[in-house]
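Read the figures in this text as sums done on the coordinates, not as results from a lab. Keep in mind that what you see is a predicted model, and the values were worked out from it rather than measured. As a convention, Cβ positions derive from the backbone with ideal geometry for all residues, glycine included, and neighbour counts pool all protein chains shown.
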Amino acid sequence: MAYDRRDQAVRAAVEHALLSESEPVVALLDTAGVRASAAALRTAFAEVTRAPVLHAFAVKASPLVPVLRLLYEEGLGAEVASPGELALARAAGVPADRTVLDSPAKTPAELREALALGVAVNADNPQELARLDALVPAAASRTNAPSPSPVGLRINAQVGGGSIDALSTATGTSKFGVALRDEGARDWIVRAFLDRPWLTRLHTHSGSQGMPLPLMAAGVRAVYELAEEINAAAGRRQVDTIDIGGGLPVNFTSDDETPTYAAYARLLAAEVPGLFDGRYGLVTEFGRSLLAKHGTVLARVEYTKTAGARPIAVTHAGVQVATRTVYDPASWPLRIAAYDAKGLPKTGPLVDQDVAGPACFAGDLLAVGRALPPLEPGDVVAALDTGAYYFAHHYAYNSLPRPGVYGFVTRPDGTVRFATVRAPQRPADIVAESGGEHRDALLRE
């Protein structure tokens, strides 16, 4: 079971001094769990469609080259949203024909680079499409192809939002895509495709955490129906691929991995059967659901205290690794597990206590009033389900360093092997990225 591997890894991290007085916070990634999630995704869609499917991992969920490489070896491509993410995908060896560029603010230089490489591009809006009117023919003339890259248009299906407003991208006023239900928009979209034979894809993504599956399916159905309308108007299969985005929510309340890819794929097949009859290629862009359950942030308890009779454990993991949880705990609660100084599961009567981080503001809390065995200095707290967005999205409050990230595998004999994904950041690294080489720049007149 995944939690057995986690317990073994925590103990080994302490024994191998990955977590120590000098390295009081560390992130662990369960390689076997990641591989299993990738296999579950591939299998779920293979069971409902005869068409080719590109599963493009959303790089923003874990912009770490070894992670991208692992996922590529497991059959996944990459969905990128910036030049930096594209560079990471290329460094991981993800080929252009398995890469998709999405962003609401692509520059002409980014578009030219993607077209030159052969990366698929999803245009976000009419102005971007107008830029592509000039760039696509020029790129095609250099490669003697109709278009060197597949090009699509992102659609905001305007089907509504989920429980987290910031992650709901199919609302009436979302900043993403062309708003399908706005007056005149549908006719404009059809005309835009008829005028551009090289425009062959539609893309939608209704949101992620907090989105109910039926609402996600409704967004996919709306775009499928739009594709059918475009192809009927064109008198041919101009739209040949539909990118349905990602967004499968994650269960942060237990070790259960629900909802499953299989459940979502079956729902889509029931709600949009024509999408799976082999006429359309598919692209998915899952991120959080592939990694979240397989990551754990470990932190040493430095001090324990009480305030107003409330026990508080002060640890080294806070806003720098769990920014969303600290600033929006209602939307992003984290499970916390307690281990003793040897990395063994902590036992004892449960006591409501706060788990605090190291940053200098009162709200830097991983958990409030959480029932845990009494924590002591030297104990270890584990923030669970943190494999996506948490340890790969550092927030440099108080110039706290980025923690080391280590993948692990557990052998049949119970031993654990670690591999460095990202080395811990050192004070010299912080100085360098904070302008250290330009120390006297503001003294010059």
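Laid out as a table, the results:
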{"quantity": "Theoretical gain in end-to-end length, residue 444 to residue 91 [0.36 nm per residue, Cα-Cα removed]", "calculated": "123.2 nm"}
{"quantity": "Phi-based couplings in Hz for the range 160-174 (Karplus 6.51, -1.76, 1.60; Gly and Pro marked x)", "calculated": "x, x, x, 7, 10, 4, 5, 10, 9, 10, 10, 7, x, 10, 4"}
{"quantity": "Along the chain, longest interval not containing exposed trypsin sites (Lys or Arg not before Pro), exposed being DSSP loop plus at most 11 other Cβ atoms within 10 Å", "calculated": "237-438"}
{"quantity": "Those aspartates and glutamates that a straight Cα-Cα span of less than 17 Å connects to residue 305, excepting residues fewer than 8 apart in one chain", "calculated": "352, 354, 364, 376, 379"}
{"quantity": "From the C-alpha gyration tensor of the chain, square roots of 5λ in Å", "calculated": "42, 25, 21"}
{"quantity": "Candidate lysines - alpha carbon under 19 Å from residue 175, same-chain residues fewer than 8 apart omitted", "calculated": "60, 106"}
{"quantity": "For the chain, share of DSSP beta bridges that run antiparallel, in % to the nearest 5", "calculated": "50"}
{"quantity": "Segment residue 50-residue 183, length gained on full extension (0.36 nm per residue, minus Cα span)", "calculated": "44.3 nm"}
{"quantity": "Proximal charge balance of residue 107 [Cβ under 15 Å; K/R count +1, D/E count -1]", "calculated": "-3"}
{"quantity": "Gaussian network model of the chain, Cα within-10 Å springs - most flexible of 135, 365, 290", "calculated": "135"}
{"quantity": "Length added when fully stretched, residue 434-residue 232, from 0.36 nm per residue minus Cα-Cα", "calculated": "67.1 nm"}
{"quantity": "Average silhouette area of the range 219-319, convex hull of alpha-carbon atoms, in square nanometres", "calculated": "10.1"}
{"quantity": "Modelled FRET efficiency - R0 51 Å, residue 195 with residue 409, Cβ distances, 0.05 increments", "calculated": "0.45"}
{"quantity": "Mean shadow area of the range 1-111, taken as a quarter of the surface of its Cα convex hull (nm²)", "calculated": "9.7"}
{"quantity": "Tilt relative to the chain, helix 185-194 - C-alpha long axis, 0 to 90 degrees, to 10", "calculated": "60"}
{"quantity": "Tail fraction, Cα-Cα pairs, the range 31-291, threshold 29 Å, whole percent", "calculated": "25"}
{"quantity": "DSSP bridge orientation in the range 31-291 - percent antiparallel, rounded to nearest 5", "calculated": "5"}
